[in-house]
Structures are given as C-alpha cells and as structure tokens.
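Take a look at the structure below.
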Amino acid sequence: MKTMQGLCMDSGNSTNLQNGDIYYLFPHGGQAFNVSRFPRKGSHFGTYQKDRFKIVEDEDKWPQEPVKPNNQQTLEKGKVYKAELVWRSKGYAESTQPGTYFIAAVNNCYVCKTDCYFYLDAERQQPKGRFPLHWFTNIQEYDENAVVELPRNEWRQMNLFGI
C-alpha cells in the first residue's frame, strides 16, 4: 500500500510544519490529516486541516515552481527585507530549506525586479546565494528597531495546558 504524501502549503502558526516540506498524511476524519515525517501512522506529530496540504502523487515528484507575478515587488538598493522562502530548485533541497531569510537587491536595475541575494542574518554577513524573487513571499522591509504590537482587540489569552 502506497502512503499518501502532501506538500505543506500553509504552516500557519505551527512550529512543527514548514512551508514547502513534504509530509506523510493519514486521514483523520473528513477535514484533517494526522501528519508524520515517517511512513508510519503511529508516528504522527499532530493533526492538521486538509487545506494546508497539496497531495503529492509521486514520491519523487518535486513541486512546481511558483508562477512569477506580473506585479512583482521591486527591491530598493541599500535596504534589507525579511521574507519567506517557499520554493527552491530540487538541487538546493538539502542546503537551503524553506524558511525566513533576509534579502537584498542585486546591483543591476533590471535584476532588482527579478532576483535577490539572500542571507541568514540581517547584517548580511552570512550569505546563502541568489534566487529569483518570486520564490519568496511575505516580503517586508526589515527594521531592527521597529516593534510591532497587535492592537488590544486582537490580543488572545494563551493556554499553556491545551485545556
């Protein structure tokens, strides 16, 4: 029996899921999956909504590259941005995992609209490479002094015990 696998498209607030990673999925009711890193139902680490995953038909199949939008954001020279890497070529799979990186414009004006350099740190001391800009989402200008606080009406009480 072939085990179902799915590509995580929306990790939400989960610390267990990573956008762009493939997980083993086991049905749990009509609207959810038990999710595992291993092809064994008993080794699942959580139950998540089905709409967070795109079913992968073949285990060797790599997800398709995101479509390049017509109105791609242009990076300004000299500024640092924080962004989520959501896709990369299959050859980069082990060395560059999806996640949050710091990106900066490439010097050439035309390339500023299509590519970016990306780094592990905001000071740009730990370079990772150069990727197309449309492989990143949630691109926001990074300001280390900015403090973002939710409005009081959006605050939620934390429950440490899950009760």
Original post:
Restricting attention to the range 8-25, which residues are assigned to a strand (DSSP E or B) and surrounded by 19 or more Cβ atoms within 10 Å (Cβ to Cβ)?
Top reply: 8, 23, 24, 25
**OP:** Could you grab me the full set of residues in the range 60-81 that are surrounded by 11 or more Cβ atoms within 10 Å (Cβ to Cβ) and under 22 Å from residue 92 (Cα atoms)?
**Re:** 61, 62, 63, 65, 66, 68, 81
Subject >> Options 88, 52, 40; residue that is open to solvent by 60 Å² or more (accessible area, probe 1.4 Å) and of a type in the set (Lys, Arg) >> reply: 40
**OP:** Consider only pairs whose beta carbons are under 6 Å apart and that are at least six residues apart or on different chains; among these, list those whose first residue lies in the range 94-105 and is among the aliphatic types (A, V, I, L, M) and whose second residue is at pLDDT 85 or above and surrounded by 20 or more Cβ atoms within 10 Å (Cβ to Cβ).
**Re:** 103/81; 103/83; 103/116; 103/118; 105/75
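The values are calculated or read from the model by the stated rules, or taken from the named source; none is laboratory data. Predicted model only: the values in this text are computed from it and were never measured. Using ideal geometry, Cβ is built from the backbone for each residue, glycine included, and neighbour counts are taken over all protein chains shown. Areas reflect the complete protein model, heavy atoms only, side chains present, ligands, DNA and RNA absent. Shrake-Rupley method; radii C 1.70, N 1.55, O 1.52, S 1.80 Å.
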